[in-house]
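So the structure is just underneath, and the comments pick up after that.
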Amino acid sequence: MTVFIGLLSAVFGGAIGAIATYFTTRSNMQLNLEHEYDRMLRDKRLRGHQALFHLTRQIPRHWLLAPVPKRSELLTIRNSFHDWYYHDEAHGMFLSKDSKKAYLDLQNALDDALFVKSADGHTKTGDKADTPLIDDELHRLLRLSSELRHWLVADVGTSNPPRTRSTHPDLTVNTTPTSVSVSTAPQARSATS
């Protein structure tokens with residue numbers, strides 16, 4: 001009878017251990033897969049997002065250092081964004097939901113500044129004359145370009161603090177004043193040599 005109880009306990013304990021191992025392993029595998037997918041997605045996004053971030057320099061934070069573009073120059077800017085989106089590496093495919101919305105809002109603002117549209121807003125009926133942009137158009141482009149840059153940064157996670165701790169390196173130069181004067185320094189050196 002004690003052998004039977006011992007055997008039953010061993011089988012029962014083994015079964016419980018196997019079940020616990022299964023769920024633990026499954027959970028770890030799921031976490032590893034999610035982590036690997038996130039890393040791969042971030043790596044794919046990084047190059048494309050850097051390129052788009054670089055393109056947004058054409059619409060800076062403000063027009064203080066860069067000349068305000070003419071309407072005709074906006075077409076070149078719009079086309080550079082369009083070419084980025086449909087690049088051979090399909091950069092537009094890796095935008096998150098929020099950054100894609102910001103990208104499309106900026107493209108729509110460029111379209112509004114460039115083209116005369118039908119009453120329903122879906123068909124281009126002509127080009128706007130090459131007139132200066134009005135303040136509302138300029139501010140809208142600046143705001144939307146800035147918003148896009150912020151979403152790109154959020155997509156690749158560069159706005160987050162590092163998750164690993166680091167230590168501050170030791171100073172390589174002593175910043176505390178020394179009591180050695182300039183006139184005594186050469187004498188001290190010659191006495192020790």
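The values are calculated or read from the model by the stated rules, or taken from the named source; none is laboratory data. The model shown is predicted, which means the values in this text are computed figures rather than measured ones. A quick note on method: Cβ atoms are made from the backbone with ideal geometry, for glycine too, and the neighbour counts reach across all protein chains shown.
The residue list T172, T158 contains one member that is surrounded by fewer than 10 Cβ atoms within 10 Å (Cβ to Cβ), among the hydroxyl-bearing types (S, T, Y) and without any contact (Cβ under 8 Å) to a residue 40 or more places away in the chain, which is T172.
For segment 141-151, indicate whether the set of residues that are within 30 Å of V68 (Cα to Cα), at pLDDT 85 or above, surrounded by fewer than 10 Cβ atoms within 10 Å (Cβ to Cβ) and charged (D, E, K, R) is non-empty. Show your work before the answer.
We begin by selecting, within segment 141-151, every residue within 30 Å of V68 (Cα to Cα); these are 141-151.
Within this subset, residues satisfying the condition of being at pLDDT 85 or above are 141-151.
If we keep only those that are surrounded by fewer than 10 Cβ atoms within 10 Å (Cβ to Cβ) too, we end up with none.
So far as segment 141-151 goes, no, none of its residues is within 30 Å of V68 (Cα to Cα), at pLDDT 85 or above, surrounded by fewer than 10 Cβ atoms within 10 Å (Cβ to Cβ) and charged (D, E, K, R).
Could you give every pair whose Cβ atoms fall below 6 Å, whose first residue belongs to segment 24-35 and is surrounded by 10 or more Cβ atoms within 10 Å (Cβ to Cβ), and whose second residue is part of a helix (DSSP H, G or I), counting only separations of at least 6 or pairs across chains? As it stands, the answer is none, since no pair meets every condition given. For segment 88-122, filtering for residues that are under 17 Å from the mean Cα position of the chain (by Cα), surrounded by fewer than 16 Cβ atoms within 10 Å (Cβ to Cβ) and not hydrophobic (A, V, I, L, M, F, W, C) leaves 3.
Yes/no per residue for (1) closer than 23 Å to S99 by Cβ; (2) assigned to a helix (DSSP H, G or I); (3) hydrophobic (A, V, I, L, M, F, W, C); (4) in contact with a helix residue (DSSP H, G or I) (Cβ under 9 Å, 6 or more places away or on another chain):
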{"position": "N28", "(1), (2), (3), (4)": "no, yes, no, no"}
{"position": "N32", "(1), (2), (3), (4)": "no, yes, no, no"}
{"position": "Y37", "(1), (2), (3), (4)": "yes, yes, no, no"}
{"position": "L41", "(1), (2), (3), (4)": "yes, yes, yes, yes"}
{"position": "L55", "(1), (2), (3), (4)": "yes, yes, yes, yes"}
{"position": "L74", "(1), (2), (3), (4)": "yes, yes, yes, yes"}
